[in-house]
Amino acid sequence: MLQYDRHNWVRHLFTLKGSVLPIVMPRILVFAGFSVPVVAAHKFGWAPTIPPTIHAVLGTVLGLMLAFRTNSAYDRWWEGRRAWGTITNRTRDLARQGTTFFEARDLVVRNAKLLAAFAHATKRQLWRERDVPELATLLGELEARAMMQSPGPSQRLLLALGEQYQATKKNGQMSELEYQLMDRNLTELHDQLGVCQRIQKTPIPFAYVVHLKRFLLVYNLTLPFALVADLGYGTPLIMVAIGYAMFGVEEIGVRIEDPFLPSPNDIDLERVARNIERDVMATAGAVVAVPESAVPPHLATK
């Protein structure tokens, strides 16, 4: 995620990083360029005109559709952020409970390492990456390799945590109430993992996306014929402004629809996962620093 000063609006006017302008500019120029021969044809009386009222009504409908598209995408983005907020809280709570409930020092540290590994494995899974290099640092090469052989390393790590809690209870080192408290947090982690997977694997319905794009295409192709009678040579400039507004809003919805893939507008999973690792290891009184080599190059400067 791109970090920025939300109060420095003057700087925002001139920044391109994280903006949709470079992405939508080719579309804007195509439709603005299309309006140029329309203006020329109108001057010679060759171009038909469309009553502006029609596009005023259609523009209202299109605006509502664009608002719905962007709001739906932002709801997904915000739900993903809430899920990771819950993951952060539950991993911290489990680290605290492990430090408090477990008498054996090795169990306390292993609990924290598994929780940190879960955060990194979930991050990589949502990035659609199979390899999780952080596991080797946290768990050792042998166990990391075993975890990676599982179809879902995140689920396998949750299972390992559950097995540890169950074994600790059976050995009489944890009461039934303490076990239930930790298992409840573990279940919540599993639920939030499911939320993230649902967001990523369930896109906006295709029929809605196609209909909106077709509507945008037809609207912008016919718009010059509605503007040329009143605006004349100013039609291409107005087409640029309207195109930026419409295509920009639509592209924002596309960009934030999957909030987990690395981009300037993503949820910064690298930072969140590292914060989880730092917090749980500090709670356990241990430090395991994931090397910078494990961080993807495109995130190294975040």
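The values are calculated or read from the model by the stated rules, or taken from the named source; none is laboratory data. Keep in mind it's a predicted model, so treat the numbers as computed, not measured. Cβ atoms come from the backbone with ideal geometry, glycine included; neighbour counts cover every protein chain shown.
Here are the numbers for this structure:
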item	result
Qualifying positions in segment 51-76 - surrounded by fewer than 13 Cβ atoms within 10 Å (Cβ to Cβ) and more than 15 Å from residue 259 (Cα to Cα)	51, 53, 54, 56, 57, 60, 61, 64, 67
Candidates 123, 169 - the one that is crowded, with 18+ Cβ neighbours inside 10 Å, in contact (Cβ under 8 Å) with a residue 60 or more places away in the chain, out of contact with any Gly (no Cβ under 8 Å at 6 or more places or on another chain) and assigned to a helix (DSSP H, G or I)	123
Candidates 150, 175, filtered to the one that is exposed (fewer than 15 other Cβ atoms within 10 Å of the Cβ), of a type in the set (Ser, Thr, Tyr), out of contact with any strand residue (DSSP E or B) (no Cβ under 6 Å at 6 or more places or on another chain) and over 30 Å from residue 258 (Cβ atoms)	175
Of the criteria (1) without any contact (Cβ under 8 Å) to a residue 60 or more places away in the chain; (2) part of a loop (DSSP other than H, G, I, E, B), which one residue 63 fails	(2)
Filter result for the condition that a residue is among the polar types (S, T, N, Q), more than 30 Å from residue 112 (Cα to Cα) and either exposed (fewer than 15 other Cβ atoms within 10 Å of the Cβ) or modelled with pLDDT under 95 (or both), over 301, 202	202
Selected residue [surrounded by fewer than 14 Cβ atoms within 10 Å (Cβ to Cβ), farther than 24 Å from residue 87 by Cβ, under 30 Å from the mean Cα position of the chain (by Cα) and not β-branched (Val, Ile, Thr)] from 237, 212, 217	217
Condition met for residue 147 (of a type outside the set (Phe, Trp, Tyr) and touching a Pro at 6+ places or on another chain (Cβ under 8 Å))	yes
Filter pass, residue 225 being in contact with a Gly (Cβ under 9 Å, 6 or more places away or on another chain) and either in a helix (DSSP H, G or I) or modelled with pLDDT of 90 or more (or both)	no
Total residues in segment 183-208, condition farther than 30 Å from residue 92 by Cα and in contact (Cβ under 8 Å) with a residue 60 or more places away in the chain	2
Residue 194 being in a helix (DSSP H, G or I), surrounded by 14 or more Cβ atoms within 10 Å (Cβ to Cβ) and of a type outside the set (D, E, K, R)	no
Checking residue 110 against (1) free of Cβ contacts under 8 Å to residues at least 60 places away in the same chain; (2) in a helix (DSSP H, G or I); (3) more than 30 Å from residue 177 (Cα to Cα), the condition it does not meet	(3)
Residue under evaluation residue 226, criteria (1) among the hydrophobic types (A, V, I, L, M, F, W, C); (2) buried (at least 19 other Cβ atoms within 10 Å of the Cβ); (3) within 27 Å of the chain's Cα centre (by Cα), criterion not met	(3)
